[in-house]
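Participant: One structure, as structure tokens, below. Some questions next.
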Amino acid sequence: MRGADGSPASRGCGAPPAGGGRAAPSAGAAAGGAGPGRRAADAGDEHRRALRRHLRQVAEAAAERARESAPGLRVEPAVTDETAVAALVHAGRRAVLTVVGTRGHGGFTGLLLGSVSLRVAAHIEGPLMVVRGDNDRLHHTVVVGVEYGTDGDPVRYGFEEARRRAAALRVLHAWELPLHATGALAPPPTRYLEEIAEQQARYEENVPLEAVAGLREEYPDVDARTETAYAGPGHLLVEASAEADLVVLAAHRRHRRFGMHLGPVAHAVLHHAHCPVVLVPTG
């Protein structure tokens, strides 16, 4: 399932993922959201018909580009009166993968993620691919970022994608000492800090190892390696994306006052990654 609104960014997400990604063997659908449903409902009949004709043309053009990119792929264009976010979230419940593009604003077009894609990322129930980035060649590498050892779903997704693409797999985990451990007001003695750091480092080293436990045996053909770094997770993953074909993240979403929200790491990667990003919901 992919969303299309006729923008250059949405046209860029019509092709299947490089290296033989998930879209190739499966049926696809292109949907054109009609914008806020109330506006469409309140418009006159003639205006609504004209709007639907335009959206049908957008959806059919997107479907044709997808067919050209992947001959033999069954593509079903569809138009809906739902908002773009609602349409993609609803369709995503039945989809193996939902694909959207980046559509920033002003001078940041193509760099920052549009509000529709962000809201879809915060609410969709299945995997979501955001097609973005400036990599112009294949690196034959899939990167998975893990926060917890229990992030098994995104790691399995990464193994699957690495196998499909005949690529290597990097499972990355980044960590930093919490502020309270270093002393917010007066810094504790240096030796005390060293002991805390050593204990924490031993724990953090096991996080990616736990995440891949059992999966190496299931995917013996995938060259997988785990890495732990003392660094900001968002910065590390954005940096790693410069030499990757795909970044996979767990979507750890938090309930806030105004609904579900993505965490800061997912925000940073979605806005600044150099290659496409897949969010895999957890929990």
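Participant: Given the condition modelled with pLDDT of 90 or more, open to solvent by 30 Å² or more (accessible area, probe 1.4 Å) and either in a helix (DSSP H, G or I) or touching a strand residue (DSSP E or B) at 6+ places or on another chain (Cβ under 9 Å) (or both), answer yes or no: does some residue in segment 171-193 qualify?
Facilitator: Looking for residues that are modelled with pLDDT of 90 or more, open to solvent by 30 Å² or more (accessible area, probe 1.4 Å) and either in a helix (DSSP H, G or I) or touching a strand residue (DSSP E or B) at 6+ places or on another chain (Cβ under 9 Å) (or both), one finds none in segment 171-193, hence no.
Participant: Still on this structure, I have one more. Any idea how many residues of segment 79-93 are open to solvent by 40 Å² or more (accessible area, probe 1.4 Å) and more than 23 Å from residue 122 (Cβ to Cβ)?
Facilitator: 0
Participant: If I ask for residues that are crowded, with 20+ Cβ neighbours inside 10 Å, free of Cβ contacts under 8 Å to residues at least 40 places away in the same chain and of a type in the set (Gly, Ala, Ser), which ones from segment 49-78 would you list?
Facilitator: Result: 63, single match.
Participant: Determine whether residue 136 is out of contact with any Asp or Glu (no Cβ under 8 Å at 6 or more places or on another chain) and surrounded by fewer than 21 Cβ atoms within 10 Å (Cβ to Cβ).
Facilitator: yes
Participant: Any idea which of 197, 162, 122, 166 is modelled with pLDDT under 95 and over 24 Å from residue 271 (Cβ atoms)?
Facilitator: Working: 162 fails: modelled with pLDDT under 95; 122 fails: over 24 Å from residue 271 (Cβ atoms); 166 fails: modelled with pLDDT under 95.
Residue meeting the stated conditions: 197.
Participant: Oh, and also: Somewhere in segment 97-113, is a residue in a loop (DSSP other than H, G, I, E, B), closer than 22 Å to residue 268 by Cα and at pLDDT 90 or above? If you could, list the steps in order and put the result at the bottom.
Facilitator: To start, the set of residues in segment 97-113 that are in a loop (DSSP other than H, G, I, E, B) comprises 97, 102-105, 109-113.
Next cut, closer than 22 Å to residue 268 by Cα only: 97, 102-105, 109-113.
Next cut, at pLDDT 90 or above only: 97.
Yes, because at least one residue in segment 97-113 is in a loop (DSSP other than H, G, I, E, B), closer than 22 Å to residue 268 by Cα and at pLDDT 90 or above.
Participant: Right, next: Could you list, in sequence order, all residues of segment 140-163 that are in a loop (DSSP other than H, G, I, E, B) and open to solvent by less than 40 Å² (accessible area, probe 1.4 Å)?
Facilitator: If the condition is that a residue be in a loop (DSSP other than H, G, I, E, B) and open to solvent by less than 40 Å² (accessible area, probe 1.4 Å), then 146, 149, 151 are the ones that fit.
Participant: Quick test for you: out of 253, 225, pick the one residue that is open to solvent by 40 Å² or more (accessible area, probe 1.4 Å), basic (Lys, Arg) and at pLDDT 90 or above.
Facilitator: Selected residue: 225, the only one of 253, 225 that is open to solvent by 40 Å² or more (accessible area, probe 1.4 Å), basic (Lys, Arg) and at pLDDT 90 or above.
The values are calculated or read from the model by the stated rules, or taken from the named source; none is laboratory data. Note that the structure is predicted; figures quoted are calculated from it, not measured. Neighbour counts are summed over all protein chains in view; Cβ atoms, including those assigned to glycine, are modelled from backbone coordinates with ideal geometry. Heads up: the accessible areas ignore ligands, DNA and RNA and are worked out on the full protein's heavy atoms, side chains in. Shrake-Rupley method; radii C 1.70, N 1.55, O 1.52, S 1.80 Å.
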